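The values are calculated or read from the model by the stated rules, or taken from the named source; none is laboratory data. Since this is a predicted model, take the numbers as computed values, not measurements. Every residue, glycine among them, receives a Cβ derived from its backbone with ideal geometry; neighbour counts consider all protein chains shown. What goes into the accessible areas is simple: the full protein's heavy atoms, side chains included, and nothing from ligands, DNA or RNA. Shrake-Rupley method; radii C 1.70, N 1.55, O 1.52, S 1.80 Å.
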Amino acid sequence: MGNMDSAELMTPVDVIVVGSGIAGLFLAHRCASAGLKVALVTKKAISTSSTNWAQGGIAGVLNPNDSGALATHVTDTIASGAGLCNEEVVHSVVAEAADRIRDLEKHGVRFDKGEDGEYDKAREGGHSDRRILHSKDATGAEIERALTKRAKDEMDSDFSINENWMAIDLILREYGNPSAGICGIWCLSPAGNVHTLPARAIVLATGGAGHLHRATTNPAIATGDGVGMAYRAGADIKDMEFIQFHPTSLAISDTKPFLITEAMRGHGAILMTKSNYSDWKITDEGANPENFSYMKDYSPLGSLGTRDIVARATDTELKRSGDRNVILVTEHLDATDLRHHFPMIANHLSSHGISLGPDPIPVVPAAHYMVGGIAVDEIGRALVNGVKMSGLYAIGEVACTGLHGANRLASNSLLET
Ligand SMILES: Cc1cc2nc3c(=O)[nH]c(=O)nc-3n(C[C@H](O)[C@H](O)[C@H](O)COP(=O)(O)OP(=O)(O)OC[C@H]3O[C@@H](n4cnc5c(N)ncnc54)[C@H](O)[C@@H]3O)c2cc1C
């Protein structure tokens, strides 16, 4: 880590929060409400985040007394994590889900409800039950909208939001001694000057690292900055070998990454190879498309297997066939109903000449979620050689809490943050 002697000194704060996705915004607001002096630092416009792109929703059991439903959420999370989850963390996150979802609603987030006033719960891969709250197919944008508004409403002399400011490194309290902790950050102003921002606590909420991969579903901000800064400062980094690949990223060359949410498979869409699709098309009308999907050979849940299994199966099939993509089939489903549930995706596909419902959708796996990250304890404190590192915290996708084990269960990320 360099020693940036010429950096301009800024007024010290109690807490620096780096990042303005769900994790950063939620925490910054909490700290400001508790009377702390907070500086939120975010490298692009406030809403530029993976959170803003999240589609499917947030998983959670809303009745804290429904022990059966809580138990299956725990079991599904552990099964998806391939046995490597920290079970204590899983139990605590699942148990707290109802309260945290209500917190989001108090911040103004609106989840879809049916005509009966009950939540319209969706299902995604690896879930044995319908437990995903959503806001059509743009849940993250709804969360980001509400949290951004709330944060901007609360801005004052003790709560600053610094857009287009990029954190570049953590400042060690004692040069060369990570165990002495962190006392601030160096950051780059929009004008390109380095500034020193001192603080009692620094919270990294910088999201994932999808752009380390050629094909990703992530926005351009996902470049692993938080892990890089923490690593350079000597913090423990964990499980970076676990990168989740999402099976259904839209496969149209030369376009920006675009995800087709797993909720569409929860709604009945089926994955097929091109050859599966041809076989299905020449059979009698009404033949069950699931019987033609390669996924029946890989998972008892078929196209709704967990992401690791579906992505690996798809990769195997693509290597075997030499095809560039597989196909997500929706033509056996009611097109009007599909467009009602997935309006954002329908519009996006339509801009590429694909009609949701009648047309096959070309998809491939793409890097989606950083399962590992900065090792933290149960309250988000970063560790150095397994011991608390004073002054440094990590939350959201950049943190490795052990909730996800080797593979995150769909819609458990927004919940964790
Ligand atoms: C297309 C897509 C769909 C998804 N769908 C779902 C879903 O349905 N359900 C679910 O649970 N999860 C979903 N996920 C995952 C989920 O959205 C993310 O894991 C979660 O939103 C991460 O939140 P975060 O606050 O940790 O990070 P982010 O929302 O990514 O925010 C990171 C912030 O840090 C800032 N930042 C980064 N580096 C720096 C730096 N050096 N200096 C200053 N600021 C910096 C960024 O600009 C950004 O504001 C999806 C992800 C994607 C990409």
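Quick rundown of the values:
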| item | result |
| --- | --- |
| Search result, residues across the range 281-307 that are open to solvent by 30 Å² or more (accessible area, probe 1.4 Å), touching a strand residue (DSSP E or B) at 6+ places or on another chain (Cβ under 7 Å) and either under 22 Å from Ala410 (Cα atoms) or touching a residue at least 40 places away in the same chain (Cβ under 8 Å) (or both) | Glu290 |
| Matching residues in the range 383-417 - criterion: being part of a strand (DSSP E or B), within 15 Å of the ligand (Cβ to nearest atom) and not aromatic (Phe, Trp, Tyr) | Leu392, Ala394, Ala399, Cys400 |
| Hits in the range 139-173 - residues which are in a loop (DSSP other than H, G, I, E, B) and either surrounded by fewer than 21 Cβ atoms within 10 Å (Cβ to Cβ) or in contact with a Gly (Cβ under 6 Å, 6 or more places away or on another chain) (or both) | Met155, Ser157, Asp158, Asn164, Arg173 |
| Unique match (being surrounded by fewer than 22 Cβ atoms within 10 Å (Cβ to Cβ) and either small (Gly, Ala, Ser) or more than 21 Å from Ile58 (Cβ to Cβ) (or both)) among Gly380, Gly405 | Gly380 |
| Top-ranked residue of the range 96-132 - restricted to ones that are aliphatic (A, V, I, L, M) and more than 23 Å from His29 (Cα to Cα), ranked as surrounded by the fewest Cβ atoms within 10 Å (Cβ to Cβ) | Ala122 |
| Those residues of the range 195-233 which are small (Gly, Ala, Ser), more than 13 Å from the chain's Cα centre (by Cα) and within 12 Å of the ligand (Cβ to nearest atom), in sequence order | Ala220, Gly224, Gly226, Gly228, Ala230 |
| Cβ-Cβ under 7 Å pairs, at least 6 apart or on other chains, the range 239-255 side at pLDDT 95 or above, far side surrounded by fewer than 17 Cβ atoms within 10 Å (Cβ to Cβ) and of a type in the set (A, V, I, L, M) | Ser249/Ala215 |
| Looking only at the range 354-380, and only at residues there that are over 23 Å from Ile327 (Cβ atoms) and small (Gly, Ala, Ser), the one that is farthest from the ligand (Cβ to nearest atom) | Ala375 |
